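Have a look at the structure below, then the notes.
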Amino acid sequence: MTIIECGLGGDNDRRERMTQQYEVEIKVCDDEEELAGAAADLFVERSEQALRRRGRFLVALSGGATPRRLYELLASPAYCDRVDWKRTEVFWVDERCVPPDHPDSNYRIANELLLSKVPLEEKQIHRIRGEEEPELAAKVYGIEVSAYMPKSLITFDLAVLGLGIDGHTASLFPGDPAVSETEKVAVVVEPRGQQHGRITVTLPVLNHVATALFLVTGSEKATTVREILDEGNPKCYPAGLVMPVKFPLPLAYDLDERAPPLAVLEITSLKTDFIPRIRPIFGRQPAWLLGF
Ligand code: 6PG
């Protein structure tokens, strides 16, 4: 999978051009219902855009509690028919090393709330096989992901991401060697203090999605968000390193269609005083569309 080339290197002129093409969008929501609705609308919009661009929609889902309402909403009559599920391929950004019917399985949650309720065939669901030997499962998943995007600099059309208080996203935890991975699509991590090992996609994959959608609720995460987006803050969180960039894309992508590659964040406690500023990292702008 050729996903590194334009990401972390390149001359300054090229970086500058990429930065100029980049847009960040922030949306603030009043409650979790509004957040889920905004995310579902964005899901529909990005799926339509992907179908126009490459004839199918590749989406990667997260675990955690925050996206659950989004999954329910997408399966509801209000949204179900607005997504062309027959041309959708579903992946995950991470998974626990547990069987698919385990209470902690990210696949199980998405399947129960969404996938089993919409017209998707089994072959369109590309789960990470948490029940297998982890290194092998990560490798197999990497091959499966790569098979869907062999010639494209774009990996997923949409990655639904969450944020931990410690700044993790997917299963990329602060200080973990997985955060520095530049070659592999997916790696095994053993998060400290957690019951299960995990398999996660890496930053090069997340930095080549068309849209990274961060869903964040809960005032306890406010400080983390503030630190990620505050340009003066020296702390470097894994979530702050997710910066999808619109590249001079080959073939399938239309550069004139300037959809902001971003995310929805919701942190009600920040509403009054939070003014996000853009902090360039590696010469690029972070890819966040916040929902405050
Ligand atoms: C997971 C996730 C993880 C999650 C954050 C936020 O599998 O748990 O991919 O990165 O998104 O921990 O979790 P909450 O939504 O539960 O706060």
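Laid out as a table, the results:
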read-out	value
Single residue of region 91-117 satisfying the filter (part of a strand (DSSP E or B) and within 12 Å of the ligand (Cβ to nearest atom)) that is surrounded by the fewest Cβ atoms within 10 Å (Cβ to Cβ)	Arg96
Residue that is farthest from Arg53 (Cα to Cα) [pool: residues in region 171-190 that are open to solvent by less than 20 Å² (accessible area, probe 1.4 Å) and more than 10 Å from the ligand (Cβ to nearest atom)]	Val189
Test result for His168, open to solvent by 30 Å² or more (accessible area, probe 1.4 Å) and under 21 Å from Ala212 (Cβ atoms)	yes
Ala78 vs. criteria within 12 Å of the ligand (Cβ to nearest atom) and surrounded by fewer than 16 Cβ atoms within 10 Å (Cβ to Cβ)	no
Residue match in region 50-59 (condition: within 16 Å of the ligand (Cβ to nearest atom), touching a residue at least 12 places away in the same chain (Cβ under 8 Å) and open to solvent by less than 40 Å² (accessible area, probe 1.4 Å))	yes
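Results for (1) outside any helix (DSSP H, G or I); (2) under 19 Å from the mean Cα position of the chain (by Cα), shown as yes or no for each residue.
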residue: Ala50; (1), (2): no, yes
residue: Thr66; (1), (2): yes, yes
residue: Arg69; (1), (2): no, yes
residue: Ala78; (1), (2): no, no
residue: Glu89; (1), (2): yes, yes
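The values are calculated or read from the model by the stated rules, or taken from the named source; none is laboratory data. For clarity, every value in this text was computed on a predicted model and none was experimentally measured. Heads up, the Cβs are rebuilt from the backbone with ideal geometry, glycines too, and the neighbour counts pull from every protein chain shown. Note: accessible area is taken over every heavy atom of the protein model, side chains too, but ligands, DNA and RNA are not part of it. Shrake-Rupley method; radii C 1.70, N 1.55, O 1.52, S 1.80 Å.
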